[in-house]
1. TRP34 passes all but one of (1) open to solvent by less than 20 Å² (accessible area, probe 1.4 Å); (2) hydrophobic (A, V, I, L, M, F, W, C); (3) in a loop (DSSP other than H, G, I, E, B); (4) under 19 Å from ARG144 (Cα atoms); which number fails?
2. What are the residues in the stretch 240-263 that are touching a residue at least 24 places away in the same chain (Cβ under 8 Å) and open to solvent by less than 50 Å² (accessible area, probe 1.4 Å), if any?
3. Does the stretch 143-154 include one or more residues that are surrounded by 14 or more Cβ atoms within 10 Å (Cβ to Cβ), small (Gly, Ala, Ser), on the phi < 0 side of the Ramachandran plot and assigned to a loop (DSSP other than H, G, I, E, B)?
4. What are the residues in the stretch 7-16 that are open to solvent by 60 Å² or more (accessible area, probe 1.4 Å) and either modelled with pLDDT of 55 or more or over 14 Å from VAL207 (Cβ atoms) (or both), if any?
5. Specify the residue that is nearest to ALA233 (Cα to Cα); the eligible residues are those in the stretch 140-183 that are touching a His at 6+ places or on another chain (Cβ under 7 Å) and among the hydroxyl-bearing types (Ser, Thr, Tyr).
6. If I ask for residues that are open to solvent by 10 Å² or more (accessible area, probe 1.4 Å), small (Gly, Ala, Ser) and outside any helix (DSSP H, G or I), which ones from the stretch 165-220 would you list?
7. Among the listed residues GLU26, GLU45, which satisfies the condition of being at negative phi, free of Cβ contacts under 8 Å to residues at least 40 places away in the same chain, open to solvent by 40 Å² or more (accessible area, probe 1.4 Å) and not in a loop (DSSP other than H, G, I, E, B)?
8. Right, GLU270: within 15 Å of the chain's Cα centre (by Cα), modelled with pLDDT of 95 or more, on the phi < 0 side of the Ramachandran plot and charged (D, E, K, R) or not?
Amino acid sequence: MEANGLGSQGFPELKNDTFLRAAWGEDTDYTPVWCMRQAGRYLPEFRETRAAQDFFSTCRSPEACCELTLQPLRRFPLDAAIIFSDILVVPQALGMEVTMVPGKGPSFPEPLREERDLERLRDPATVASELGYVFQAITLTRQRLAGRVPLIGFAGAPWTLMTYMVEGGSSSTMAQAKRWLYQRPQASHQLLRILTDALVPYLVGQVAAGAQALQLFESHAGHLGPQLFNKFALPYIRDVAKRVKARLQESGLAPVPMIIFAKDGHFALEELAQAGYEVVGLDWTVAPEKARRRLDGWC
């Protein structure tokens, strides 16, 4: 610890590193606990804070995001905080309009319907500069955590973001997005590359702002079978990890553990274990002991 109690980035020294040590595969005295939807409607103070403004206005307010991130930690002895934000800020930064409709969820008034619609998207190199409010929220939250627990940053994986951008919102079948994969494979890969190019500097920017771990959410993995997943999701999941780690090194930033969470992606555990991430997240349909046996020797 430095004499002033601050780490090398000027943040307060971390007092509880159990989550980070577990993520790096080190032994810990106990199993660290955190929740993916850590800030949520189960907290009355969350509902009160959120009632003040619409969802994406909240996401664009570093002060509000910080407050919502810290609320669960005031109630529970959690071992990590995850920044309050949303995966759909990336499509917004690419120039797409996204609204959060009460009782319905996210809505894209003008989804991507034809290959030419890709021309509407901004240069992915500009995305990180559009998302400065996320970086500000991370830095503010890291300061106010005062080293209590680590702060996790996150983003949606390319396939999951693509589904929203093509479907125009939530879907139980992903029929439109899957039609793209079958009928417009080249355009699909083009879109997935654009999203990957946007995600890499965005995730690196989160680390530069103070995030101490990163999670990539492939929330819609279960809508793909093994063949489509291996062709349209896995290569970009791998590319994100590889490029983020290389960019962190090039930027002189310390490495952080990366987590890949592919919901309903039980069919791809072995592939995910070799995708370049330190942690493979499991959903409720996978027994941890069975996953460990399946991955024995793979990671």
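1. Of (1) open to solvent by less than 20 Å² (accessible area, probe 1.4 Å); (2) hydrophobic (A, V, I, L, M, F, W, C); (3) in a loop (DSSP other than H, G, I, E, B); (4) under 19 Å from ARG144 (Cα atoms), only one is false for TRP34: (1).
2. Passing the criteria: VAL240, ALA241, VAL244, LEU248, LEU253, VAL256, PRO257, MET258, ILE259, ILE260, PHE261, ALA262.
3. no
4. GLN9, LYS15
5. This residue is THR160.
6. GLY168, SER170, SER171, SER172, SER219
7. Answer to the check: GLU45.
8. no
The values are calculated or read from the model by the stated rules, or taken from the named source; none is laboratory data. What you are looking at is a predicted structure, and each value in this text was computed from that prediction instead of being measured. For neighbour counting, all protein chains shown are included, and Cβ atoms are generated from backbone atoms with ideal geometry for every residue, glycine included. Heavy atoms of the whole protein, side chains included, go into the accessibility calculation; ligands, DNA and RNA do not. Shrake-Rupley method; radii C 1.70, N 1.55, O 1.52, S 1.80 Å.
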